[in-house]
1. Hey, could you check the stretch B:141-157 for residues that are of a type outside the set (Val, Ile, Thr) and closer than 19 Å to B:Gln170 by Cβ and say which is surrounded by the fewest Cβ atoms within 10 Å (Cβ to Cβ)?
2. Which count do you get for residues in the stretch B:63-86 that are more than 12 Å from chain A (Cβ to nearest Cβ), among the hydroxyl-bearing types (Ser, Thr, Tyr) and part of a strand (DSSP E or B)?
3. Scanning for something at pLDDT below 95, of a type in the set (D, E, K, R) and over 26 Å from B:Ala138 (Cα atoms), does the stretch B:3-23 turn up at least one residue?
4. Tell me yes or no: at least one residue of the stretch A:110-117 is without any contact (Cβ under 8 Å) to a residue 60 or more places away in the chain and in contact with a Phe, Trp or Tyr (Cβ under 8 Å, 6 or more places away or on another chain).
5. Which of the residues that make up the stretch B:217-248 are in contact (Cβ under 8 Å) with a residue 60 or more places away in the chain and assigned to a loop (DSSP other than H, G, I, E, B)?
6. Within the stretch A:24-59, count every residue that is within 11 Å of chain B (Cβ to nearest Cβ) and among the polar types (S, T, N, Q).
7. Which condition breaks for A:His13 when tested against (1) buried (at least 23 other Cβ atoms within 10 Å of the Cβ); (2) without any contact (Cβ under 8 Å) to a residue 12 or more places away in the chain?
8. Quick one: how many residues across the stretch A:43-57 are part of a helix (DSSP H, G or I) and crowded, with 23+ Cβ neighbours inside 10 Å?
There are 2 protein chains.
Amino acid sequence: MKKLGVLGPRGTHSEAAANYLQKISEEKFELVICSEIFEILHKVEKGILDSGFVPVENSLEGSINITLDTLARSKTLIINRELVWRIHNHLMAKEGTKLSEVTKIFSHAQPISQCRRYLHKNFPDAEFIITPSTARAAEIVANSEENFAAICSERAGELNGLKILAEEIQDNKFNSTRFFEICRCGENYDENNISGDKISLVCMVDGSQAGSLYSVLEEFATRKINMTHIESRPARLELGEYIFFFDLETNVDKKLLLESISAVREKSIWLKNLGSFPIINLLNHSANSQS
Amino acid sequence: MKKLGVLGPRGTHSEAAANYLQKISEEKFELVICSEIFEILHKVEKGILDSGFVPVENSLEGSINITLDTLARSKTLIINRELVWRIHNHLMAKEGTKLSEVTKIFSHAQPISQCRRYLHKNFPDAEFIITPSTARAAEIVANSEENFAAICSERAGELNGLKILAEEIQDNKFNSTRFFEICRCGENYDENNISGDKISLVCMVDGSQAGSLYSVLEEFATRKINMTHIESRPARLELGEYIFFFDLETNVDKKLLLESISAVREKSIWLKNLGSFPIINLLNHSANSQS
């Protein structure tokens, strides 16, 4: 059976979303719990895993840098599928803990940022400890004798015997995360495949030239190709040098789309096609109402 | 004396850069050590501090989300100055600690990401603990009896009696951070002031329209205005809705620059002028060779 790497321990938002993917997929696969996003992608690259399921963007906190940076730098990794998942963050603690007595709050850095306003208002004096995952935060709180709390999903809390102290504490109820299933491109990988719902590109343009990004966007805009996302990341060289990620909708004339990609490649220092892939959007799906 | 808020405790990269700013500034001010970026900006908004000195972008890890998000949402905060500072990250520990025996590494999330490759290669099994600042990491290591290490500046380590275990461990030697000095815009704030080296804008465009970002960039490109940075951040509404930050060089015809800003304002749902400000670039400056 194929192996899909996912960020653990059990109870993370990633694992909940991957469980759903497992249920709906025709080809069966086994979930392999890993402790870091970088580890997952590294193991996919090396062939130790067949694919990896990793977060790429949250609606409140933005992009997951390690996912974008690793995708951009890898020669072999491509996107196979996208899944959009609703995120529910709760403040959870051991039975008997009172909200007013919480001194330390544990969670992954992303949920802490997603709940920034709530935490600043309700816990101005608490200490915040960043953990590698929300499920790890729940474990730590469960194993402590002190008045600690975790920000995590209901499932992560329940797996560790925690109860909800405060429900849905994120700054905006429309909190959702995009996940990518990432795999190696095989020998038969077709760079011109645009059969998915979207295509994702990353390229480096010459930042020293005024209007170079504009000139790249021109290739999409003049062909009426809709860009659903643009993201700049440091090229990891000097300050002021960037690479750009573009997500494009593929529901246009295929010839025009391929033409625009060729034109952008010409205008770039380098360009990588990260793949064309289907999207599974669960924002209004009952399977994702409790996670 | 005016009060400038800066991320503490003593020994952070922020404090070192703010110390330099203090030395070269004509108007004298007192440094007020704060524990979070959000706290600094909040106190400037409320008038408790006269200004705040906060990181906005690192050359390896990209933007500091909390700084951008707070600037975008505030009605009164503007940028007064920019300072570009070289970052030196070392692995530091108590005298006698051996590199091979280190079990836990403490630091702020940004330096951990900046040293991602080094850490992955040399400490595949170590535990990483995220602290609110690099200086706090040094304090924790200094107060522990175990084989812990901190990623911090030489000064933060020395203030806490730590020694260097491994020098300059960041993934790229060109590691630098841009800082903003941020203040409240007074009653006499002139939106048309473009006398600084750069001007910074943030706006929301209608993401549902194909080519809306392109149409905004057109206003700059056709007037040969150089954009040194573009950054998208979630609008914190639904997935796929973004705000955009633009940094523009002001060394062009002032009339054309003001014209382009008006035109972009017309095309945006909203636009905020974050200020026009001078830049102090210390990348090749001896004062910044050891921090």
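The values are calculated or read from the model by the stated rules, or taken from the named source; none is laboratory data. Every value quoted in this text rests on a predicted model; they were computed, and no experiment measured them. Note that each Cβ is placed from the backbone with ideal geometry, even for glycine, and that neighbours are counted across all protein chains shown.
1. So in the stretch B:141-157, the residues of a type outside the set (Val, Ile, Thr) come out as B:142-150, B:152-157.
Filter once more, keeping what is closer than 19 Å to B:Gln170 by Cβ: B:149-150, B:152-157.
Values: B:Ala149: 28, B:Ala150: 31, B:Cys152: 33, B:Ser153: 24, B:Glu154: 19, B:Arg155: 21, B:Ala156: 28, B:Gly157: 28.
Out of the qualifying residues, it is B:Glu154.
2. Adding up the residues that qualify gives 0.
3. No.
4. Yes.
5. If the condition is that a residue be in contact (Cβ under 8 Å) with a residue 60 or more places away in the chain and assigned to a loop (DSSP other than H, G, I, E, B), then B:Arg236 is the only one that fits.
6. Number satisfying all stated conditions: 3.
7. It is condition (2) that A:His13 fails.
8. Looking only at that region, the number is 1.
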